[in-house]
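Down below is the structure, laid out as structure tokens.
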Amino acid sequence: MKDFFTLIENYNLGHLPPDEAAEMEAAIAADKQLANAVRQHRAEWEAQELLAEKLLRQQIRQRFDRPPTRTSNWFTINWKWLTPLLALLLLGGVWVFMKNEPPAPPAAPPMQETPAPAQPSVPETPAQAPQQEVPVAETPQPGAPDWGALAVASYAMPESLGSLRGQDGDTLALASIAFSEKKYRQAARLLTPLPEEGQQEALLLRAHAQFLAKNYQVAAADFSELETGGVYRREAEWYGLLARMAGGKFDPKKDGKLLDAISRNEKHPYRAAAVELNKKVGAGH
């Protein structure tokens, strides 16, 4: 039972690997009791977060309302008496040192210096100037492209997400509000499992929420499911490519062909972005 609740907690916090998360989603979709347990744990976890935040604010407010207490020690109280005592000790040390100092020895009579015989001068050999080393030009070696940085730089939030509002109070509406407030992990949790109505819209919103929460492999799986059909097929094709690139699963051969195909397709809605990304990928090789 402990492992069961640990699995639910890791799933709600987004700590499961992509394959385990996919298995958990399938189990939730098939088991209503498990789905209820996941929702209950999510609600309790969010309530605990709100309670902890409230307690922390209360402690901070009490700390700043309380006047600071002044601390005192023995030195701050008795420093006036230490000054004359140190002065007396210093004078006593000087007197003892002068009393015990030995008398200086008598000065010796000056000795007459005998001039040394002159030595024949030897002509100086001029020092040779150091040879200057000619620096050897180094040929810069191009590095491999940073796939993750290229993917994140190429990502732009689509306009289609603005129309995903849902009905008042339903799961899609709550997830849309969390997404607009940049609470991407919360939006993804609310859409797990997907609601019965508007699954395509909910899956699209969850995929973008996972991408912006930096769960790139989970986002790639959601986009891959959208690529199988529906009105968001071409959008999922482009953003799935970016998710695989950001998550380190980019295949230069397979995905490179897909990137070239999008760049050549004049009717593809993301052709211009694909052309720019293709230039950056080609410049990095």
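Summing charges over all other residues whose Cβ lies under 13 Å from the Cβ of LYS32, with Lys and Arg as +1 and Asp and Glu as -1, gives -1. Couplings 3J(HN,Hα) of the range 240-252, computed from phi: x, 4, 5, 5, 5, 5, 6, x, x, 10, 6, 9, x Hz, in residue order, whole Hz [Karplus 6.51 cos²θ - 1.76 cosθ + 1.60, θ = phi - 60°; x for Gly and Pro].
Protection proxy ranking, highest mean first, for peptides 6-15, 83-92, 211-220, 155-164: 211-220, 6-15, 155-164, 83-92, where packing is the per-residue count of other beta-carbon atoms within 10 Å, averaged.
Atom-type composition of the exposed protein surface of the range 15-58 places 55 percent of the accessible area on carbon and sulfur (1.4 angstrom probe).
Stretching the chain fully between LYS54 and THR83 yields a gain of 5.3 nm (0.36 nm per residue, less the alpha carbon separation). Note on the range 161-285: Lys pairs 8 or more places apart or on different chains, Cα atoms under 30 Å apart, count 27.
The values are calculated or read from the model by the stated rules, or taken from the named source; none is laboratory data. None of these values were measured; they are calculated from a predicted model. Counting neighbours? That spans all protein chains shown, and the Cβs are built from the backbone with ideal geometry, glycine included. Remember, those area values only see protein heavy atoms, side chains included, never the ligands or the DNA or RNA. Shrake-Rupley method; radii C 1.70, N 1.55, O 1.52, S 1.80 Å.
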